[in-house]
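Reading through the structure tokens given below for one structure.
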Amino acid sequence: MKPALPGATIGILGGGQLGRMLALEARRMGYRVAVLDPARDCPAAAVCDAHVTAPLDDAEAAAKLAGLCDVVTLEWELIGLEAIRSAKRRCPVFPGESVLRPIQDRLRQRQFLAERGFPQTRFWPVDDAPSLQDAARQAGLPCVLKRRRHGYDGKGQRWLLRRPDVASAAELLAAPCVLEARVPFVKELSVIVARGRDGGMAAFPPIENVHHGGILHSSVIPAGVSKATARAAAKLGRRVAEALGHVGVLAVELFLLEDGRLLVNEIAPRVHNSGHVTWGACRVSQFEQHIRAVCGLPLDQPRLLSPGAMVNLLGELWAKREPRWERALARPVALHLYGKGQARPGRKMGHLIALERTTAAALRRAEGAWRELI
């Protein structure tokens, strides 16, 4: 398969903020970009060369997009598999159906990891109230109930803290679920790995994350972990990418336990929110690395240039007024806004990145600028 060289057209299934940032990096590298997204004003629309306006599961629209492109990738792993198959009839698609099938369903993802011996929390399939009661007894409280499909940023899941919570969680059972035992972690990490068409891999330094209400609030690179833990995290990420046969960037979210063990929490076969901090902190961003991988170009080695921190900007910042940009930008931070028209609570509208001599100083600077916006 010939590489897609600069000057070729890259198709992106999904035109949200990840699609926008992929498109910006692709255009910098000399590529043209076409996007499939149902919203005419999606974030990527302003920076792409062609926009197919249709639902992401529209197989005919996916084929139309692929007909404009030399290679197709995606910004969201829940694309309908028929759309993936339809696009693949016209041009190469990375990641493909074989990668997405075990990822799109939380239970299948857990089973995939278990079958290959990856460390993770205990889990149980849950389809009705009796199976929920039985699983909760085995897991012990607290535990977390999650919809098997279409859950993200804390949506489609509920913590069960006391026995009454088990009975009140019945509304989630309108769709198949999986129950997971609580993990007493000391840190949340993510490792961003790129795997090329030729099977070559490169891992970014592990990233340390903090979530508020199930939504990522901040990320710092490098994570505050030992060299041995950093090596183990990168090794886990490469093993997951290899097991999937993935092509492109992949994020593996990890829990670090007090005894030093790492457990896999979740896999995202795409560029990832926590990886935004690589933009400036590393020699190559996760976005350029993804483009290199899916286009069949050599991967760069993502050497750390500077400790960095990222803080997400959510829709709550717009609740009373336009954020005070001039006050935040009086500090040395980089502002990335996604071009979304409507700010809603919990909606990711942009992020701030700060670079410093230490991760602690970078996080203080990014958090300080964030507070100036309120």
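The values are calculated or read from the model by the stated rules, or taken from the named source; none is laboratory data. As the structure is a computational prediction, the values presented were derived from the model and not from experiment. All Cβ positions, even for glycine, are placed from backbone atoms using ideal geometry, and neighbour counts span all protein chains on display.
Quick notes on this one:
- Every residue from segment 158-174 that is surrounded by fewer than 16 Cβ atoms within 10 Å (Cβ to Cβ) and either basic (Lys, Arg) or within 23 Å of the chain's Cα centre (by Cα) (or both): Trp159, Arg162, Arg163
- Positions within segment 126-157 being crowded, with 18+ Cβ neighbours inside 10 Å and more than 18 Å from Ile267 (Cα to Cα), in sequence order: Val126, Leu132, Ala135, Ala136, Ala139, Cys143
- Segment 30-57 - residue that is within 20 Å of Arg347 (Cα to Cα) and under 20 Å from the mean Cα position of the chain (by Cα) and, of those, surrounded by the fewest Cβ atoms within 10 Å (Cβ to Cβ): Leu56
- Among the residues examined, Arg32 qualifies as among the charged types (D, E, K, R) and under 28 Å from Arg283 (Cβ atoms).
- Residue in segment 264-287 that is in contact with a Pro (Cβ under 7 Å, 6 or more places away or on another chain), within 28 Å of His150 (Cα to Cα) and part of a strand (DSSP E or B) present: yes
- Taking the listed residues Leu337, Leu373, Leu313, Leu352, the one that is hydrophobic (A, V, I, L, M, F, W, C), surrounded by 18 or more Cβ atoms within 10 Å (Cβ to Cβ) and in contact with a Gly (Cβ under 6 Å, 6 or more places away or on another chain) is Leu313, with no other qualifying.
- Residue among Leu141, Leu145 that alone is outside the structural domain of Leu256 (by TED's automatic domain parsing), within 17 Å of Val183 (Cβ to Cβ) and part of a strand (DSSP E or B): Leu145
- Test: residue in segment 170-182 that is part of a helix (DSSP H, G or I), among the acidic types (Asp, Glu) and either under 20 Å from Gly117 (Cα atoms) or assigned by TED's automatic domain parsing to the domain that holds Ser131 (or both): yes
- Looking only at segment 335-370, residues that are within 15 Å of Pro222 (Cα to Cα) and either polar (S, T, N, Q) or not in a helix (DSSP H, G or I) (or both) come to 7 in all.
- Residues that are surrounded by fewer than 20 Cβ atoms within 10 Å (Cβ to Cβ) and within 18 Å of Leu18 (Cβ to Cβ), drawn from segment 58-79: Trp76, Glu77, Leu78
- Qualifying positions in segment 69-83 - without any contact (Cβ under 8 Å) to a residue 40 or more places away in the chain and under 21 Å from the mean Cα position of the chain (by Cα): Gly80, Leu81
- Residue under evaluation Arg27, criteria (1) surrounded by 15 or more Cβ atoms within 10 Å (Cβ to Cβ); (2) touching a Lys or Arg at 6+ places or on another chain (Cβ under 7 Å), criterion not met: (2)
- Close pairs (8 angstrom Cβ cut-off, 6 or more residues apart or separate chains): touching a residue at least 24 places away in the same chain (Cβ under 8 Å) in segment 158-186, acidic (Asp, Glu) and in a loop (DSSP other than H, G, I, E, B) anywhere: Leu173/Asp127; Leu173/Asp128; Pro176/Asp127; Cys177/Asp127; Pro184/Glu258; Val186/Glu258
- Where helices (runs of 4 or more DSSP H) fall wholly inside segment 1-88, no range has 3 or more residues that are touching an Asp or Glu at 6+ places or on another chain (Cβ under 6 Å) and assigned by TED's automatic domain parsing to the domain that holds Val271.
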